[in-house]
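What follows is one structure encoded as structure tokens, with my remarks underneath.
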Amino acid sequence: MRFVAAFGALLLVSCAHHPAETKVVHVTETVPRLEATAASITAFTEGPTADKDGNIYFTEHIHQQILKMDTAGKLSIFRDPSNNANGLLFDEEERLIACEGAASNAKSPYASRKPKARVTRTNLRTGEVEVLADGYEGQPFDGPNDVTMDSKKRLYFTDLPGGAVYRIDPDKKITRLLNRPEIQRPNGIAISPDDRTLYLVEANQAEGGARMLRAYDLQPDGTLRNMRVFHNFSPGRSADGLCMDSAGNLHAAAGLHQRRGSSETLDTRCGVYVFSPEGKLIRFIPIPEDTITNCAFGGKDLKTLYVTAGKGVYEVGVPVAGTRR
């Protein structure tokens, strides 16, 4: 593995008007395991995505911010509050798509604003925030979680607590593709470069819950057929976020170093699992920090993998260029 130099330093903050405490570190195959406990975490990173210039945007749940890390490693706040944003994605017009789960609980400092769970699109040139969807057939979303897109500019996103997967067409028409009981707790989502396969994470922590990667045939009209289990993580922790490389290899951020009070075991090592289109595990990238959440490709040639975990963002060089889906 190519050794990638770290380009960020630990940044300390004392209030929500500064970037949450975040660090960027490089990863090698022999990186030592580190212990992390809930008491030590002052930030919880998620949802990385890269713009065309290589700047990395990611979300932080403790302070409910969207942060930006430029190519020089400078960290700044892009949005505060973020409406509890999670998964992010840049579309083909360099607009930032955000899955916003709204205030996560009644104790949130933003709960009094009665925010809506929604999917938004931000024009970075003007700052305009456009609401693409905030409910389906008159019912509000429970918490949009992660998002991907196909070559026809259609967006696909998960509502994890709501147990559903939706598609947003370019004309903003919303279609529900999957719903309980056929799925349980959908989390990460990704589409293959050829638009033929949609991958979906099931992340049910309950005893006997689905902890797997599902694969579906994505039809030209944006519907799904032929569900099969692509990989089963049970009884360990399932994957969280996904990203795709240009060869169609699926990267899944999964696993734990320490148990977290659920029925999940430590059978799933903490790191990024790289699967071929046929479902064969072809690489494993260890990540030393709990809780690993998501991944995305960036860098000048899209050969840098960025991974969010705990209060850190990790970078590692990869041999195959990624996609920005």
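Residue count for the stretch 121-155 under the criterion of being among the aromatic types (Phe, Trp, Tyr) and without any contact (Cβ under 8 Å) to a residue 40 or more places away in the chain: the result is 1. Among the residues of the stretch 111-155, those identified as part of a loop (DSSP other than H, G, I, E, B) and of a type in the set (Asp, Glu) are 128, 134, 137, 142, 150.
Considering only residues in the stretch 52-101 that are surrounded by fewer than 21 Cβ atoms within 10 Å (Cβ to Cβ) and of a type in the set (Ser, Thr, Tyr), the one that is farthest from residue 126 (Cα to Cα) turns out to be 71. Going through the stretch 71-93 one residue at a time, which ones are basic (Lys, Arg) and assigned to a strand (DSSP E or B)? Matches in the stretch 71-93: 79 only. Any residue in the stretch 57-80 that is in contact with a Cys (Cβ under 9 Å, 6 or more places away or on another chain) and over 22 Å from residue 244 (Cβ atoms)? Yes: the stretch 57-80 contains one or more residues that are in contact with a Cys (Cβ under 9 Å, 6 or more places away or on another chain) and over 22 Å from residue 244 (Cβ atoms).
The residue list 236, 241, 271, 310 contains one member that is small (Gly, Ala, Ser), over 18 Å from residue 185 (Cα atoms) and in contact with a strand residue (DSSP E or B) (Cβ under 6 Å, 6 or more places away or on another chain), which is 271.
Please pick out the residue among 284, 297 that is surrounded by fewer than 19 Cβ atoms within 10 Å (Cβ to Cβ), outside any loop (DSSP other than H, G, I, E, B) and not charged (D, E, K, R). Going through 284, 297 in turn, just one is surrounded by fewer than 19 Cβ atoms within 10 Å (Cβ to Cβ), outside any loop (DSSP other than H, G, I, E, B) and not charged (D, E, K, R): 284.
Restricted to the stretch 177-197, and to residues there that are over 15 Å from the mean Cα position of the chain (by Cα) and closer than 16 Å to residue 145 by Cβ, the residue that is surrounded by the fewest Cβ atoms within 10 Å (Cβ to Cβ) is 180. Of the candidates 255, 298, the single residue that is touching a strand residue (DSSP E or B) at 6+ places or on another chain (Cβ under 9 Å), without any contact (Cβ under 8 Å) to a residue 40 or more places away in the chain and within 24 Å of residue 89 (Cβ to Cβ) is 255. Only residues that are in a strand (DSSP E or B), farther than 16 Å from residue 250 by Cα and free of Cβ contacts under 8 Å to residues at least 40 places away in the same chain were counted across the stretch 170-211, and they come to 1. Residue 176 - would you say it is of a type in the set (Lys, Arg), at pLDDT 95 or above and within 16 Å of residue 278 (Cα to Cα)? It is false that residue 176 is of a type in the set (Lys, Arg), at pLDDT 95 or above and within 16 Å of residue 278 (Cα to Cα).
Looking across the stretch 220-241, the residues that are crowded, with 17+ Cβ neighbours inside 10 Å, within 17 Å of residue 210 (Cα to Cα) and not polar (S, T, N, Q) come down to 230, 231, 233, 236, 237, 239, 240, 241. For the stretch 255-267, the criterion of being crowded, with 18+ Cβ neighbours inside 10 Å, part of a strand (DSSP E or B) and at pLDDT 95 or above is met by none of the residues.
Taken as a whole, the stretch 233-254 holds at least one residue that is among the aromatic types (Phe, Trp, Tyr) and either in a loop (DSSP other than H, G, I, E, B) or modelled with pLDDT under 95 (or both). For the stretch 307-324, a tally of residues being surrounded by 24 or more Cβ atoms within 10 Å (Cβ to Cβ) and either assigned to a loop (DSSP other than H, G, I, E, B) or of a type in the set (Ser, Thr, Tyr) (or both) returns 3.
The values are calculated or read from the model by the stated rules, or taken from the named source; none is laboratory data. Note that the coordinates shown come from a computational prediction; the quantities given were computed from them, not determined experimentally. All Cβ positions, even for glycine, are placed from backbone atoms using ideal geometry, and neighbour counts span all protein chains on display.
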